[in-house]
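Colleague: One structure is given below, represented as structure tokens, and several questions about it will come after.
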Amino acid sequence: MYTQGLDQKDKSAPKREQLETPEQLEAFQARIDAEEKIEAKDWMPEAYRRTLIRQISQHAHSEIIGMQPEGNWLTRAPTLKRKAILLAKIQDEAGHGLYLYSAGETLGVSRDQMVAGLLSGKAKYSSIFNYPTLTWADIGAIGWLVDGAAIMNQIPLCRCSYGPYARAMVRICKEESFHQRQGFDILRVLCAGTAGQKAMAQDALNRWWWPSLMMFGPNDADSKHSAQSMAWKIKRFSNDELRQKFVDVTVPQAEFLGLQVPDDDLVFDQESGHYRFGEIDWQEFIEVIKGNGPCNRQRLGKRRKAHDDGEWVREAARAYGEKQAAKAAA
Ligand code: FAQ
């Protein structure tokens, strides 16, 4: 059904790659090393283009699927004000998805192809959005931890070597920063409330802490794309470096809230100035990205239904386009 996947485009890629000369590759790397931005019409190695399409489309899909866990609480937000804020945040995420699909399109892949990759299950989206939002405190935890982790990863992407992606990230990061604060504020209020409210906040932290650390991807030793992506300055920091920065910033915030980070091995190392933390359950991470997380089927099922329900809109737009074209030709 969803057949216009990314891989169709990729079939011709090795042929184009074979035409690349060492001089072209060297000149390209020299531009990267000189911190020049690569723009859509510039020459680029096919593997660079493919890496960007993979990362940008996965990033866009994450923003779109990421609307679902929070959407679950729109009708049950505790006050009108919280509801209005949550609605605005979720709309921002949709906007991020759209800027990112546009950035992806500059690399010669259509939005339809990228969306088909998501709907067919071929393209990944962030593991974090396959966990359920069981209580209102989960909405606080998503803003504080998930948007917090997203910012940590995305601020360096504002300096990504590919211009259209880097520029899209500037606005996205400003909005994510507001999202992070609104999440922290939800938890701040709950933590200053009744014992039951504080317990709800603690329970949310217990469930979201480890999946948030997984957002940064596998450990550096197991990250198959990191070395090349860093050489091309798509990524500026490794997965483990960003995860460490996130832990260092977030643990004092948990302490401020009076919450306990669910990690018995967590300890501040005076010498390095960093927190040391326990081992991530990588088996859980692998299962989630293989499609076996608690909500994977529900998330993709809902997205496919939304896509199918929207078919009449696409059909109407096509018919209108044809009418306009016929009129112009007459
Ligand atoms: N989930 O070699 P690496 C947000 C995959 S946006 C699923 O280390 P790379 C906003 C990876 O794709 C959150 N898959 O890969 C929001 C690769 O598989 P592949 C999304 C993961 O690309 C908030 C394989 O594992 N942010 O939260 C994950 O160098 C609230 C090997 O990994 C971005 O996408 C994972 N967590 O580094 C929205 C940021 N981690 O493709 C709504 C841009 C790794 O070979 C509500 N992306 N994999 O089949 C990146 O920075 C990078 O792509 C990484 C992964 C760091 C995610």
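Colleague: Kindly indicate whether Glu279 is loosely packed, with under 10 Cβ neighbours inside 10 Å and at pLDDT 95 or above. So that I can check it myself, show each step before the final result.
Modeller: Working: loosely packed, with under 10 Cβ neighbours inside 10 Å: yes; at pLDDT 95 or above: yes.
In short, yes.
Colleague: Follow-up. Just checking, which of Ala137, Ala201, Ala192, Ala166 is under 18 Å from Thr51 (Cβ atoms) and among the aliphatic types (A, V, I, L, M)?
Modeller: Values: Ala137 fails: under 18 Å from Thr51 (Cβ atoms); Ala201 fails: under 18 Å from Thr51 (Cβ atoms); Ala192 fails: under 18 Å from Thr51 (Cβ atoms).
Only one candidate passes the filter, namely Ala166.
Colleague: Continuing with the same structure: Please count how many residues of region 1-35 are modelled with pLDDT of 85 or more, surrounded by 11 or more Cβ atoms within 10 Å (Cβ to Cβ), of a type outside the set (Asp, Glu) and outside any helix (DSSP H, G or I).
Modeller: Number of matching residues: 0.
Colleague: Same structure again: Just a yes or no: is a residue in region 31-44 within 13 Å of the ligand (Cβ to nearest atom) and out of contact with any Cys (no Cβ under 8 Å at 6 or more places or on another chain)? Show your work before the answer.
Modeller: Step one: list which residues in region 31-44 are within 13 Å of the ligand (Cβ to nearest atom), which gives none.
No - not one qualifying residue is present in region 31-44.
Colleague: Same structure again: Out of curiosity, is Gln180 within 12 Å of the ligand (Cβ to nearest atom) and within 21 Å of Leu87 (Cα to Cα)? Step through it out loud before you land on a result.
Modeller: Values: within 12 Å of the ligand (Cβ to nearest atom): yes; within 21 Å of Leu87 (Cα to Cα): yes.
Judged against the criteria, Gln180 is a match.
Colleague: Let me ask you something else. Determine, yes or no, whether Ala231 is out of contact with any Phe, Trp or Tyr (no Cβ under 9 Å at 6 or more places or on another chain), of a type in the set (A, V, I, L, M, F, W, C) and surrounded by fewer than 16 Cβ atoms within 10 Å (Cβ to Cβ). Explain how you work it out, then say what you get.
Modeller: On the way: out of contact with any Phe, Trp or Tyr (no Cβ under 9 Å at 6 or more places or on another chain): yes; of a type in the set (A, V, I, L, M, F, W, C): yes; surrounded by fewer than 16 Cβ atoms within 10 Å (Cβ to Cβ): yes.
When the stated conditions are applied, Ala231 passes them.
Colleague: Residues Ala84, Ala94: which one is within 13 Å of the ligand (Cβ to nearest atom) and part of a helix (DSSP H, G or I)? Talk me through it step by step, then tell me what you get.
Modeller: Numbers: Ala84 fails: within 13 Å of the ligand (Cβ to nearest atom).
Exactly one of Ala84, Ala94 is within 13 Å of the ligand (Cβ to nearest atom) and part of a helix (DSSP H, G or I), namely Ala94.
Colleague: Could you check how many residues of region 100-133 are in a helix (DSSP H, G or I) and touching a residue at least 12 places away in the same chain (Cβ under 8 Å)? Working first, answer last.
Modeller: First, pick out the residues of region 100-133 that are in a helix (DSSP H, G or I): 100-105, 111-119, 127-130.
Now narrow it down to the ones that are touching a residue at least 12 places away in the same chain (Cβ under 8 Å): 100-104, 112-119, 127-130.
Counting residues in region 100-133 that are in a helix (DSSP H, G or I) and touching a residue at least 12 places away in the same chain (Cβ under 8 Å) gives 17.
Colleague: Looking only at residues that are within 12 Å of the ligand (Cβ to nearest atom), outside any loop (DSSP other than H, G, I, E, B) and among the charged types (D, E, K, R) in region 193-246, which one is nearest to the chain's Cα centre (by Cα)?
Modeller: If we take residues in region 193-246 being within 12 Å of the ligand (Cβ to nearest atom), outside any loop (DSSP other than H, G, I, E, B) and among the charged types (D, E, K, R), then Arg243 is nearest to the chain's Cα centre (by Cα).
Colleague: Could you tell me which residue of region 105-123 is nearest to Ile142 (Cα to Cα), considering only residues that are within 16 Å of the ligand (Cβ to nearest atom) and surrounded by fewer than 17 Cβ atoms within 10 Å (Cβ to Cβ)?
Modeller: Gly121
The values are calculated or read from the model by the stated rules, or taken from the named source; none is laboratory data. These figures come from a predicted structure and were not determined experimentally. Cβ coordinates were reconstructed from backbone atoms using ideal geometry, including for glycine residues, and neighbour counts include every protein chain displayed.
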